[in-house]
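Just below is one structure, and these are the notes that go with it.
The values are calculated or read from the model by the stated rules, or taken from the named source; none is laboratory data. Remember, predicted model here, so these are calculated numbers, not experimental data. Cβ placement follows ideal geometry from the backbone for every residue including glycine, while neighbour counts extend to all protein chains displayed.
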Amino acid sequence: MASGAARAVGVDIGGTGIKAGIVDLDAGVLVSDRVKVATPAGAEPEDVLRAVTQVLDTLGATDDHGIPLGVAFPAIVKHGRTLSAANVSDAWIGFEAEKFFEDGLGREIHFANDADVAGIAEVRYGAAKDVDGLVILTTLGTGIGSALIYDGVLVPNSELGHVQGAKRQKDAEAYAAYSVMERESLTWEKWAKRLQWYYSHIEFLFSPDLFIVGGGVSKNAQEFLPLLTLGTPIVPAVHRNNAGIIGAAALALG
């Protein structure tokens with residue numbers, strides 16, 4: 001595969017799937033097929049590494065170290081270490097994940113939280129571009145990820161999927177993630193009532209200027225966003241479920 005200064009590879013590791021693609025960093029679009037494999041059951045480090053190697057092999061990017069590589073992961077990430085494990089093995093808690101992937105892949109990577117990189121994609125190429133004030137991106141999927149962006153600057157590791165209301169025994173993602181809708185066979189209307197609680201709560205806490213909704217379900221935004229009543233504008237992510245790939249690739253070049 002020919003490399004180029006304006007291209008990078010993004011890998012987006014999620015609780016249910018691992019996606020990757022080659023990204024044109026000038027346009028913020030995929031210039032390859034999107035490759036996806038299932039996240040291994042249990043999501044232990046060695047198994048996840050093998051799955052990442054598999055998607056890179058499929059892209060033809062395993063041995064091309066001339067093209068930057070960014071990896072997004074569903075955990076708090078600080079100085080290359082994963083500090084949480086909401087939808088993956090507990091082995092990732094306190095784990096030197098960036099070094100683990102660099103050693104396993106034999107190359108340098110840029111490693112960051114999955115929702116944060118999706119936020120970067122929307123800041124550089126999507127719905128948050130040139131938006132002043134506070135933008136909160138949420139990813140609705142296996143869990144609820146979040147990215148806080150103020151005047152275009154990311155505040156990392158916000159983890160707003162784990163807020164709790166005073167009268168609720170579950171955190172937000174255990175109550176309102178898209179996986180909960182699927183598991184409990186909720187209608188769009190019933191799920192929207194749970195999202196209404198969540199976004200109203202976040203709106204009260206942060207007074208944002210814009211909500212952006214990402215994750216795979218954002219392709220069906222017309223089914224649930226019109227059912228929400230908020231004082232803050234709420235729009236689907238421009239890059240939908242590719243935002244993690246695009247953001248990871250964008251951060252690979254800084």
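Listed values, structure above:
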item	result
Failed criterion for L210 (all others in (1) modelled with pLDDT of 95 or more; (2) over 17 Å from V123 (Cβ atoms) hold)	(2)
Test: residue in segment 42-62 that is touching a Phe, Trp or Tyr at 6+ places or on another chain (Cβ under 9 Å) and under 19 Å from T139 (Cβ atoms)	yes
Near pairs, Cβ below 8 angstrom, 6+ apart or cross-chain, from segment 165-188 (exposed (fewer than 11 other Cβ atoms within 10 Å of the Cβ) and small (G, A, S)) to any residue that is assigned to a helix (DSSP H, G or I) and at pLDDT 90 or above	none
Any hit, segment 95-116, residues being in contact with a Phe, Trp or Tyr (Cβ under 6 Å, 6 or more places away or on another chain), closer than 23 Å to N242 by Cα, in contact (Cβ under 8 Å) with a residue 24 or more places away in the chain and of a type in the set (A, V, I, L, M, F, W, C)	yes
Scan of segment 77-88 for residues that are modelled with pLDDT of 95 or more and surrounded by 15 or more Cβ atoms within 10 Å (Cβ to Cβ), ordered by number	V77, G80, R81, T82, L83
Criterion (closer than 24 Å to S179 by Cα and surrounded by fewer than 15 Cβ atoms within 10 Å (Cβ to Cβ)) met by exactly one of I93, I144	I93
Selected residue (only one of G231, G247 is assigned by TED's automatic domain parsing to the domain that holds R107 and in contact (Cβ under 8 Å) with a residue 24 or more places away in the chain)	G247
